[in-house]
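**Q** For reference, the structure I am asking about is given below.
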Amino acid sequence: MKINLNNTFEVFSPESMTVSELLKVKNFTFRMLIIKINGSLVKKTEYETTRISDGDEVHVLHLISGG
Amino acid sequence: MTFEEIKEKLAHKRVGIAGCGGLGSNCAVALARVGIGTLVIVDFDVISESNLNRQYFFFDQIGLKKVLALKENIGRINPMVKVYSSDVKLVPDNIALLFNGCDVIVEAFDQSDQKEMFIETVLADLPSIPLVIGLGMAGWGRNESIHCRKIDNLYICGDEVSEIGPDMPPIAPRVGMVSNMQANVVLEILLGIQ
């Protein structure tokens with residue numbers, strides 16, 4: 001599948017994968033994240049069950065402390 | 001638009017600010033100076049001496065509740081601003097209740113787990129309200145790394161990399177830059193792009 005991940009097109013060999021699988025493959029190890037797929041929020045409790053497939057636009061925002 | 005026209009437009013607008021620390025206190029003051037109609041400020045913390053390196057409070061306010069001290073400071077700058085202050089801890093169950101009706105919401109927390117909780121809740125419960133967050137402003141220098149970008153209705157201000165740590169404290173200049181950048185994005189949302 002080919003997806004738009006954080007404004008860059010990337011190709012992955014599976015035809016689809018869960019959000020958790022994507023985070024693992026990309027080595028996104030931050031604990032605090034905001035994830036949106038095609039404009040919709042994916043809640044933390046839905047990472048295991050929400051699937052990403054070809055053509056999806058995915059934003060993974062890493063939250064860091066400070067303010 | 002003249003300043004009089006700007007004030008007239010802003011007088012009917014309501015902005016919610018979640019957290020009254022480095023980002024929230026400075027952002028609130030910037031919006032008060034330009035004549036925002038209503039500010040909804042929420043924080044449960046009290047002012048400590050260590051806050052004064054970046055937060056819009058004074059030495060003689062140490063020990064006061066942040067929301068009450070900020071309301072007083074805003075009143076001294078621009079008494080025309082209506083300030084609704086809530087001395088509560090924001091949790092998923094009270095966020096929609098407190099910020100419903102705001103034209104824009106500003107995320108101004110310190111800790112990343114609080115940021116995540118707040119952003120996730122606003123995007124889920126108040127999806128039509130623009131949300132302006134502060135992300136990455138510890139340390140000093142590196143002006144050029146601070147930026148603003150947008151994902152749908154979510155506006156991100158900061159350098160997105162400088163996390164606080166023992167050798168990376170949040171201090172006035174960069175925290176002030178990001179908080180004023182957040183206020184500037186709020187104006188762009190409320191007044192339109194210039």
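The values are calculated or read from the model by the stated rules, or taken from the named source; none is laboratory data. What you see is a predicted model, and the numbers here were worked out from it, not measured in a lab. Virtual Cβ from ideal backbone geometry, glycine too; neighbours counted across all protein chains shown. Remember, those area values only see protein heavy atoms, side chains included, never the ligands or the DNA or RNA. Shrake-Rupley method; radii C 1.70, N 1.55, O 1.52, S 1.80 Å.
**Q** Return only the number of the condition from (1) away from every other protein chain (no Cβ under 14 Å); (2) open to solvent by 10 Å² or more (accessible area, probe 1.4 Å); (3) under 21 Å from B:LEU135 (Cα atoms) that B:ILE41 does not satisfy.
**A** Condition not satisfied by B:ILE41: (2).
**Q** Among the hydrophobic types (A, V, I, L, M, F, W, C), in a loop (DSSP other than H, G, I, E, B), without any contact (Cβ under 8 Å) to a residue 40 or more places away in the chain and in contact with a strand residue (DSSP E or B) (Cβ under 9 Å, 6 or more places away or on another chain) - does that describe any residue in region B:31-42?
**A** Taking every residue of region B:31-42 in turn, none turns out to be among the hydrophobic types (A, V, I, L, M, F, W, C), in a loop (DSSP other than H, G, I, E, B), without any contact (Cβ under 8 Å) to a residue 40 or more places away in the chain and in contact with a strand residue (DSSP E or B) (Cβ under 9 Å, 6 or more places away or on another chain).
**Q** Further, regarding this structure: Condition check: open to solvent by less than 30 Å² (accessible area, probe 1.4 Å) and within 26 Å of B:MET137 (Cα to Cα). Does A:ILE35 satisfy that?
**A** yes
**Q** Another question, then. Return a yes/no flag: does region B:79-86 have any residue that is farther than 17 Å from B:GLY19 by Cα, surrounded by 14 or more Cβ atoms within 10 Å (Cβ to Cβ), more than 13 Å from every other protein chain (Cβ to nearest Cβ) and in contact with a strand residue (DSSP E or B) (Cβ under 7 Å, 6 or more places away or on another chain).
**A** yes
**Q** Please go through region B:72-100 and give me each residue that is of a type outside the set (A, V, I, L, M, F, W, C) and either in contact with a Lys or Arg (Cβ under 6 Å, 6 or more places away or on another chain) or within 16 Å of B:VAL34 (Cα to Cα) (or both), ordered by number.
**A** B:ASN73, B:GLY75, B:ARG76, B:ASN78, B:PRO79, B:LYS82, B:SER85, B:ASP87
**Q** Separate question: If a residue must be surrounded by 15 or more Cβ atoms within 10 Å (Cβ to Cβ), part of a loop (DSSP other than H, G, I, E, B) and on the phi < 0 side of the Ramachandran plot, how many such residues does region B:141-167 contain?
**A** Total satisfying the criteria: 6.
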